[in-house]
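K.L.:
Quick one: the structure is below, and I'll ask about it shortly.
Taken together, the values in this text are just the output of simple stated rules run on the coordinates, not laboratory data. Treat the numbers as computed from the prediction; the structure is a model and nothing was measured. Backbone-built Cβ (ideal geometry, glycine too); neighbour counts: all protein chains shown.
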Amino acid sequence: MPCPYEAVSGELRRNMRKTYKKLQENVRKIKFPKIDVWENKYQDKKYLVKFSTSEFTCICPKTSLPDFATIFVEYVPRKNCIELKSFKEYLVAYRGYGIFHEHVTNRILEDITKSCKPYYAKVRGEFNIRGGIATTVEAEYKDEN
C-alpha cells in the first residue's frame with residue numbers, strides 16, 4: 001500500500017512526527033501576543049459582540065502542513081472590550097505554531113477571557129477540509145457570578 005503522504009516533499013515527510021505522544025505538552029505555555037482591551041462605556045448594559053476572520057492559519061503538529069480556518073468570536077463584555085487590531089496580531093502569531101484544532105479554539109477562548117473578563121464568550125473554529133474531513137470546534141465560557 002502506498003504511503004498517503006507521497007505527494008508531500010521528501011524533506012517535509014522526514015519531519016513528520018511518528019507519534020502524537022508529548023506533541024502538545026506545552027500548548028498552554030506558548031507565549032502569544034497580548035490581546036489589548038479598551039474601556040466599555042456601556043457597562044450598565046449586557047450586549048453581544050460578534051466578529052470573525054477567514055484568514056486564520058496555523059501548522060499541523062503532525063505533518064507540518066498549514067491548516068486554514070475561519071474563527072468566530074462572540075462575547076458579552078463587562079468592563080472591557082477587545083481591541084480588534086491587537087486580536088488580529090494575536091491570531092497571526094499562530095502561523096508559526098504546530099497546534100491541534102481543539103487546542104487552538106480553547107487557547108483563543110482562554111486568552112480572550114483573561115484579557116477582557118467577559119460575562120460570556122464563545123469561540124468557534126471552522127477548519128478547512130484536510131484528508132476529506134472538515135473540523136469544527138466550539139468552546140464556551142460563562143461567568144456564573
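K.L.:
Where does the charge balance sit around N40 when Lys and Arg score +1, Asp and Glu -1, over other residues with C-beta under 13 Å from its C-beta?
P.N.:
+3
K.L.:
Under 5 Å between amide hydrogens, which residues at least 5 positions from Y97 or on another chain qualify, with H placed 1.01 Å from N in the peptide plane?
P.N.:
It is I59, by chain and number.
K.L.:
Going down the table (K62/K117; K62/K85; K31/K122; K45/K142), which pairs top 27 Å between alpha carbons?
P.N.:
K62/K117; K62/K85
K.L.:
Test of understanding: ordering D44, D36 by Cβ neighbours within 10 Å, fewest first, what list do you get?
P.N.:
By the 10 Å Cβ count, ascending: D44, D36.
K.L.:
Also, I was wondering about something else. Sequence neighbours fewer than 8 away in the same chain don't count; with that in mind, list the aspartates and glutamates whose C-alpha is under 20 Å from K50.
P.N.:
Those aspartates and glutamates meeting the cut-off are D36, E39, E74, E83, E89, E110, D111, E126, E138, E140, D143.
K.L.:
Only counting other Cβ atoms within 10 Å, I'd like V137, V123 sorted with the fewest neighbours first.
P.N.:
Ranking V137, V123 by Cβ neighbours within 10 Å, fewest first, gives V137, V123.
K.L.:
Of the trypsin sites (Lys or Arg not before Pro) in region 38-145, which ones lie in a loop per DSSP and count no more than 10 other C-beta atoms within 10 Å?
P.N.:
Sites meeting the loop and neighbour criteria: K41, K45.
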